[in-house]
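As structure tokens, the structure follows; a few thoughts come after it.
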């Protein structure tokens, strides 16, 4: 099948450029450094009097898990943007498609084949970091989130959302512009959610208007909303219940599970945008 052929050649090209290999090596050093520093912090920390040391370590692991996986979310998202900025446009600019398109390959097979390859790479890297960091935390503290797989599935969906956006923009504009569009949208949604958090405390009368803006932005780029859903699953049930009672949210966490409608919207996002990329690529002059 042409789709699988394109996916295989795209994977070979990604390996040949050694970007993914370099990222894996750096990530291995990063995991090793985290294990050493976290172990040092545990050994040096002073356990409050009357607290079971084992329970203290578990609580420490639960406290560290959310910011660490947020770091995984950022790394996976940035790698997806960097790798996929020119998923289609770079081949057009290099003139590669002039050779490959006249062969018995349909244009939709090219787009879907490339999307499939980069989806596998982005999801594999995110899962590797996720299990690497959570595995180290479990090894050193004994804490493991019961809903870790739910959190990972939302992170992976966020990577696919970014990839789908990159696919559509790469079919429309040059590589540099495609990367800038994705990066600006990705950063903007983080900033808007931080502003909404500040408005909640500083100007409650404007909260409803800010909430509307935040909802619209999250529909355009649902990655941050998916992260908040993942953070809910990473938080222990007792802590989540306590935070929900006092209604304590933060720019990085939430006290409520992600709405099913938003998950459905993100899945539709991953289906509609690649279809749009195929439609535009079919009409693009190579």
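The values are calculated or read from the model by the stated rules, or taken from the named source; none is laboratory data. Source: prediction; values computed, not measured. Note that we place each Cβ from the backbone using ideal geometry, even for glycine, and neighbour counts take in every protein chain shown.
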Sole exception among (1) surrounded by fewer than 19 Cβ atoms within 10 Å (Cβ to Cβ); (2) modelled with pLDDT of 85 or more; (3) touching a helix residue (DSSP H, G or I) at 6+ places or on another chain (Cβ under 8 Å) for residue 178, by number: (1)
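Listed here are the residues, each with its yes/no results for (1) surrounded by fewer than 17 Cβ atoms within 10 Å (Cβ to Cβ); (2) more than 28 Å from residue 232 (Cα to Cα); (3) at pLDDT 85 or above; (4) out of contact with any helix residue (DSSP H, G or I) (no Cβ under 8 Å at 6 or more places or on another chain).
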| site | (1), (2), (3), (4) |
| --- | --- |
| 4 | yes, yes, no, no |
| 22 | yes, yes, no, yes |
| 46 | yes, yes, no, yes |
| 52 | yes, no, no, yes |
Filter the stretch 252-267 down to the residues that are surrounded by 16 or more Cβ atoms within 10 Å (Cβ to Cβ), at pLDDT below 90 and within 19 Å of the chain's Cα centre (by Cα), then identify the one that is nearest to residue 152 (Cα to Cα). 258
For residue 60, which of the numbered conditions (1) assigned to a helix (DSSP H, G or I); (2) at pLDDT below 90; (3) exposed (fewer than 13 other Cβ atoms within 10 Å of the Cβ) fails to hold? (3)
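Does residue 172 satisfy being surrounded by fewer than 18 Cβ atoms within 10 Å (Cβ to Cβ) and under 24 Å from residue 107 (Cβ atoms)?
Values: surrounded by fewer than 18 Cβ atoms within 10 Å (Cβ to Cβ): yes; under 24 Å from residue 107 (Cβ atoms): yes.
Yes, satisfied.
Output the residues belonging to the stretch 133-181 that are part of a loop (DSSP other than H, G, I, E, B) and either over 16 Å from residue 273 (Cβ atoms) or without any contact (Cβ under 8 Å) to a residue 40 or more places away in the chain (or both).
Hits for the stretch 133-181 are 142, 143, 144, 145, 146, 147, 174.
Let's see how each residue does on (1) buried (at least 16 other Cβ atoms within 10 Å of the Cβ); (2) over 18 Å from residue 114 (Cα atoms); (3) at pLDDT below 90:
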site	(1), (2), (3)
240	yes, yes, yes
248	no, yes, yes
269	yes, no, no
285	no, yes, yes
